[in-house]
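Just below is one structure, and these are the notes that go with it.
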Amino acid sequence: MRKRTALVAFAATLTLLAPPAQALPQEAPLAQASLAAAAPGIGHDYEPLRDAAARSGKTFGFAYAPHIANSDAKYKAIAQREFSMVTAENNMKWDATEPRRGQFTFNGADEIMSFAAANNQKVYGHALVWHAQMPAWAKSITNRDDMRKAMNDHIKGVAGRYKGKIEAWDVVNEAFEWDGSRRPSELQKVMGNSWIEEAFRTARAADPNAKLCYNDYSTDGINSKSTAVYNMVKDFKARGVPIDCVGFQTHLIVGQLPASNKQNLQRFADLGVDVRITELDIRIQLPASQQALQTHATEYGQVVKNCWEISRCTGVTIWGISDKYSWIPQVSPGWNAALPWNDNYSTKPALASVANAMGAKKNGSSTGLVCGISAKVGANWSTGYTTDIVIANKGATPIDGWTLQTTLPDGQKLATGWSGQFTQNGQRLSVSNTSFNKTIKPGESVSFNFNTTKNGNSSTALRNFTVNGQQCA
Ligand code: G3I
């Protein structure tokens with residue numbers, strides 16, 4: 001059993017000076033977007049991932065920090081080329097937009113709006129009400145009516161400014177605890193249970209066109225916390241409280257993607273709300289081993305695939321671009337490697353895994369991954385059997401790094417494997433390349449084999465093969 005490590009929400013308060021409010025900038029022309037899209041990918045040769053996402057009716061987003069784009073040309077180029085949606089990593093939060101009561105400062109948020117408009121990107125608003133990065137003046141309010149007024153004025157001030165320009169707002173962020181109880185934040189303690197629905201009603205009035213979302217972490221699988229959110233959404237829908245979507249942050253630890261992730265997203269979608277992966281990153285203990293990087297890739301691909309297979313999942317947003325600027329090492333020293341691009345902008349296997357899960361094309365031509373699998377029983381005895389697998393590249397471009405997955409018959413366990421890196425999670429078996437069989441050129445194939453212990457089930461029928469998250473012929 002792997003240890004489930006609690007992710008701690010990093011609550012810090014930004015102290016910003018209040019520069020004078022300025023007019024909302026005009027939308028810039030879209031020409032820049034097509035130029036950026038035509039540029040080659042950094043660290044990979046796939047088409048812009050936003051284009052692949054668009055073919056499935058989804059958006060691919062990232063958490064944006066304007067000060068980084070202003071000082072790092074590669075970050076900016078990737079931001080422009082790959083993404084069709086922008087989330088402000090910090091600039092739209094309460095402390096950034098209303099550092100003093102009633103004094104709104106929108107320069108960082110406006111910069112994000114301009115960047116998104118110039119690059120033909122949608123904006124996902126994050127976050128109107130959150131116990132973290134809530135300014136000290138608001139946290140110190142102890143009177144219920146005054147707290148309600150402060151919260152509602154804040155929502156009206158920020159959502160009102162960007163009325164009609166925001167795709168969706170995280171109206172409320174992280175209001176639940178692990179056990180499904182309400183987080184005892186100042187908001188909760190001073191206003192009681194009704195504050196969440198009040199925030200949603202105020203946001204609807206402030207921007208009737210924006211979709212209104214509840215967003216949280218560690219709600220990625222079916223557990224006490226996600227069930228509490230589920231029950232709240234169900235109740236809101238039943239009572240007509242305006243809620244349109246739920247964001248699943250998906251800050252994961254490698255190897256711990258909950259098996260119920262897709263089922264969980266689907267149960268929310270079945271309530272009649274959109275769902276979205278809003279802050280995806282998958283942290284690894286440093287230095288990252290080859291095996292961890294393969295699991296990382298498999299899990300990135302799996303999360304995208306889970307979303308892609310749910311019609312009400314609007315897309316995936318990753319929490320940053322390069323590991324260089326990730327929030328992870330600040331709060332988890334010794335951990336990072338969480339994003340698809342590493343510190344020097346080379347890509348990890350996760351990038352290909354995401355691209356393939358989206359069906360991205362390489363070099364703007366043939367489809368990325370076209371694979372064929374042959375699985376044969378090589379030997380069969382009373383307690384176990386050997387399976388020989390061949391993966392063929394039937395596409396036009398090399399497969400550079402692969403992870404095959406398949407489902408073993410019930411109760412069976414992997415015993416030994418050769419020419420691959422093997423992990424079993426439930427009945428799902430993952431096999432990743434070794435250094436000597438990493439690349440499969442077009443028309444070529446690689447093979448590996450493994451022994452399975454039957455544990456009383458004599459079937460040898462393996463099911464549901466994928467390579468890098470895609471079904472194979
Ligand atoms: O801007 C100041 C700078 O002036 C100062 O010198 C420096 C000193 O520490 O701090 C800078 O502010 C930091 C800010 O990020 C901007 O970089 C804060 O200390 C730091 O706490 C803050 O962290 C942000 C964190 O939210 C705060 O809770 C992270 O960037 C941001 O990625 C993270 O994002 C959250 C989501 O909003 C909600 N879900 C979880 C996610 C990760 O914690």
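At a glance:
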quantity	calculated
Accessible surface of segment 332-473, 1.4 Å probe, proportion on carbon and sulfur as whole %	50
Sequence-distant residues sharing a close amide H with L212 (under 5 Å, placed H)	W169, D244, C245
Along principal axes, Cα extents of segment 377-428, largest first, whole Å	42, 23, 17
For the chain: accessible area per residue (Å², 1.4 Å)	40
Of all accessible heavy-atom area on segment 180-288, the percent that carbon and sulfur account for (1.4 Å)	49
Over the chain: helical MRE at 222 nm, DSSP H runs n ≥ 4 each giving -39500 (n - 2.57), nearest 500	-8500 deg cm²/dmol
Normalised convex hull volume, segment 240-289, alpha-carbon set, Å³ per residue	73
Rounded to whole Hz, the Karplus (6.51, -1.76, 1.60) HN-Hα couplings of segment 245-257, x for glycine and proline	7, 10, x, 10, 4, 6, 7, 10, 9, 4, x, 10, 5
Rotationally averaged projected area of segment 330-448 (alpha carbon convex hull; nm²)	10.0
Calculated over the chain: convex hull of Cα atoms, volume per residue (Å³)	139
Rg over Rh [alpha-carbon atoms, Kirkwood Rh] for segment 398-473	0.98
Loop-located trypsin sites (Lys or Arg not before Pro) in segment 68-139, at most 15 other Cβ atoms within 10 Å (DSSP)	R101
Equivalent ellipsoid dimensions for segment 222-339 as semi-axes, Å, which come from the Cα gyration tensor, largest first	29, 14, 12
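The values are calculated or read from the model by the stated rules, or taken from the named source; none is laboratory data. These numbers were taken from a predicted model, which means no experiment stands behind them. Reconstructed Cβ throughout: ideal geometry from the backbone, glycine too, with neighbour counts over all protein chains shown. Please note that ligands, DNA and RNA were not included when accessible areas were found on the heavy atoms of the full protein model with its side chains. Shrake-Rupley method; radii C 1.70, N 1.55, O 1.52, S 1.80 Å.
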